[in-house]
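Novice: The following block contains the structure, expressed as structure tokens.
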Amino acid sequence: MKIIDLTGQKFGRLTVIKQNGILSSGKSGRLKAWLCQCDCGNTKTIRGCDLRSGDVSSCGCYKRELSLARLITHGKYGTHLYQIWRDMKKRGSGKGGVHNKRFYKGISICKEWEIFENFYEWAKNKWSEGLVIDRINTLAGYSPDNCRFVTTKENNQNTKRSKIWIIYGKTFQSSQDAANAFGCSQSHIYFMCHGRHHNKKYYPPDPNCEAIKKYQGAS
């Protein structure tokens, strides 16, 4: 089979300098490779079939430029709101880590917020330094009608495991808030609502105290 000489030919941003050995291509076998110089100055060895098909047209600089252009179009890359949006997308897609996969399973992002500019327009007059995004109904997804910006403390009090603590007719969003109000320990509030075993004896909960799951449908 006659080898097509690609020397001197240009493919996109790449100019072929010379043949440069063989590159393996899985089921396609071993294919001729060519040393190319990119318009940006970098050199790269590329299979001839990829050059001729147009699958490769630069050393990689073109894709990097496109990615950067997408990031800087709105001029907000690297800002707090951009970081909040990026982290929100990771949670909504189930990416990030074990914590995200476990606690954000089934949580989605509305189509509108898939685009940063749309999220920014909603958030720009609502967010201030120190606030984090919070889903009002923690069982529902991220959308304009189900999100707000709150303090980290408020965010931590609004999870699938959150309880409402009712102590002597007063309602608290956390056992710590109840403990602060009554001047006792957090564990004491827990015992008042759930009872406890001590020295092989069971002490029932106080009839005037209870802890109710905030989200009854949560697992």
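Novice: Looking at the stretch 159-187 only, could you name the residues that are touching a Phe, Trp or Tyr at 6+ places or on another chain (Cβ under 8 Å), more than 15 Å from Lys214 (Cβ to Cβ) and surrounded by fewer than 16 Cβ atoms within 10 Å (Cβ to Cβ)?
Specialist: Once the filter is applied, which keeps residues that are touching a Phe, Trp or Tyr at 6+ places or on another chain (Cβ under 8 Å), more than 15 Å from Lys214 (Cβ to Cβ) and surrounded by fewer than 16 Cβ atoms within 10 Å (Cβ to Cβ), the stretch 159-187 yields only Ala181.
Novice: Okay, moving on. Restricting to the stretch 182-208, name every residue that is under 41 Å from the mean Cα position of the chain (by Cα) and of a type in the set (Lys, Arg).
Specialist: If the condition is that a residue be under 41 Å from the mean Cα position of the chain (by Cα) and of a type in the set (Lys, Arg), then Arg196 is the only one that fits.
Novice: Can you pull out the residues in the stretch 123-143 that are over 29 Å from Tyr190 (Cα atoms), surrounded by 15 or more Cβ atoms within 10 Å (Cβ to Cβ) and without any contact (Cβ under 8 Å) to a residue 40 or more places away in the chain?
Specialist: Ser143
Novice: Here is a follow-up. Read through the list (1) at pLDDT below 70; (2) under 16 Å from the mean Cα position of the chain (by Cα); (3) on the phi > 0 side of the Ramachandran plot; (4) loosely packed, with under 12 Cβ neighbours inside 10 Å, then give the number of the only condition that Gly96 fails.
Specialist: (4)
Novice: Could you please let me know if Leu23 is at pLDDT 90 or above and of a type in the set (A, V, I, L, M, F, W, C)?
Specialist: For Leu23, the condition - at pLDDT 90 or above and of a type in the set (A, V, I, L, M, F, W, C) - is not met.
Novice: Being modelled with pLDDT under 90, under 30 Å from Phe116 (Cα atoms) and not assigned by TED's automatic domain parsing to the domain that holds Glu117 is the requirement here; does Leu31 meet it? I'd like the intermediate steps shown before the answer.
Specialist: Values: modelled with pLDDT under 90: yes; under 30 Å from Phe116 (Cα atoms): no; not assigned by TED's automatic domain parsing to the domain that holds Glu117: yes.
Spelling it out, it is not the case that Leu31 is modelled with pLDDT under 90, under 30 Å from Phe116 (Cα atoms) and not assigned by TED's automatic domain parsing to the domain that holds Glu117.
The values are calculated or read from the model by the stated rules, or taken from the named source; none is laboratory data. Owing to the predicted nature of the structure, the values given are computational and were not obtained by experimental measurement. No Cβ is skipped: glycine too gets one built from the backbone with ideal geometry, and neighbour counts run over all protein chains shown.
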